[in-house]
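Below you'll find the structure, written out as C-alpha cells, and then a few comments.
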Amino acid sequence: MNDTQVTLVGCVATRIDFKETVNGPSARFRFAVTPRYYDRRTDAWTDGATSFYTVWARRSLAVNLAGSVSVGEPLVVHGRLRVRDDPADGDGNRWFSADIDATAIGHDLNRGTAAFRRVVKTDTPLMATQKAAVV
C-alpha cells in the first residue's frame, strides 16, 4: 500500500471528541504543529507558522486517547496523511484540509514525563461482570 506516512510533533489544540459508532469507537482532535528554527539574523530561536491537522483515531487507540490526553499536552502523532480538497463555496473559494489517520499517538517525553498503564483486555465485558455480582 502506497500511503504517505507522517510523524508530527506538536500540541493538542482542541478537546478530544470521542464517539461510539457502529464501526467501533472513534476519536478526533485538532493538532497544532509549530516549527522552530534558528534565525541567524536575530541570533535567536524563532517560531514558524503554525499548521493545524485533524487527527483521527479508531478502536482501542480512540479509547486510550480519550482517557489519556487533554488540551495543551505535547504529543507525537504517527499515521497516514489524507489531504481533502473540498469543493468551492458560494464565493468560489476552494478549501484544503489535512487529516491524519493515526496509527500511534504518545506524549512527547522531551517536554515532560508520563506514566504508562497497560490496558488489560478481558474476555467478558466489565459491565457484565459487575451485573452478575449484583444479582
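The values are calculated or read from the model by the stated rules, or taken from the named source; none is laboratory data. Keep in mind the model is a prediction, meaning the values are calculated, not measured. Here Cβ is always computed from backbone atoms with ideal geometry, including for glycine, and neighbour counts include all displayed protein chains. The accessibility values were calculated without ligands, DNA or RNA, using every heavy atom of the protein model including side chains. Shrake-Rupley method; radii C 1.70, N 1.55, O 1.52, S 1.80 Å.
Return the residues of segment 1-18 that are assigned to a loop (DSSP other than H, G, I, E, B) and charged (D, E, K, R); say none if nothing qualifies.
Asp3, Arg15
Mind telling me which of the residues Val76, Val63 ends up being surrounded by 14 or more Cβ atoms within 10 Å (Cβ to Cβ), β-branched (Val, Ile, Thr), over 11 Å from the mean Cα position of the chain (by Cα) and within 23 Å of Pro25 (Cα to Cα)?
Answer to the selection: Val63.
Pick from segment 38-55 the residues that are open to solvent by less than 70 Å² (accessible area, probe 1.4 Å) and within 26 Å of Ala104 (Cβ to Cβ): which of them is nearest to the chain's Cα centre (by Cα)?
Of all residues in segment 38-55, those open to solvent by less than 70 Å² (accessible area, probe 1.4 Å) come to 39, 44, 46, 48, 50-51, 53-55.
Filter once more, keeping what is within 26 Å of Ala104 (Cβ to Cβ): 48, 50-51, 53-55.
Values: Gly48: 21, Thr50: 16, Ser51: 14, Tyr53: 9, Thr54: 7, Val55: 4 Å.
Going through the qualifying residues, I end up with Val55.
Assuming Asp89 fulfils every condition listed in (1) surrounded by 13 or more Cβ atoms within 10 Å (Cβ to Cβ); (2) charged (D, E, K, R); (3) at pLDDT below 90 apart from one, which condition is it?
Of the numbered conditions (1) surrounded by 13 or more Cβ atoms within 10 Å (Cβ to Cβ); (2) charged (D, E, K, R); (3) at pLDDT below 90, the odd one out for Asp89 is (1).
For the list (1) of a type in the set (Asp, Glu); (2) modelled with pLDDT under 80; (3) surrounded by 10 or more Cβ atoms within 10 Å (Cβ to Cβ), I need the number of the one condition that Asp99 fails.
So Asp99 meets the others, but not (2).
Considering segment 21-37 alone, what residues qualify as being modelled with pLDDT of 95 or more, out of contact with any Asp or Glu (no Cβ under 9 Å at 6 or more places or on another chain) and either farther than 19 Å from Gly79 by Cβ or open to solvent by 70 Å² or more (accessible area, probe 1.4 Å) (or both)?
Hit for segment 21-37 is Arg30, nothing else.
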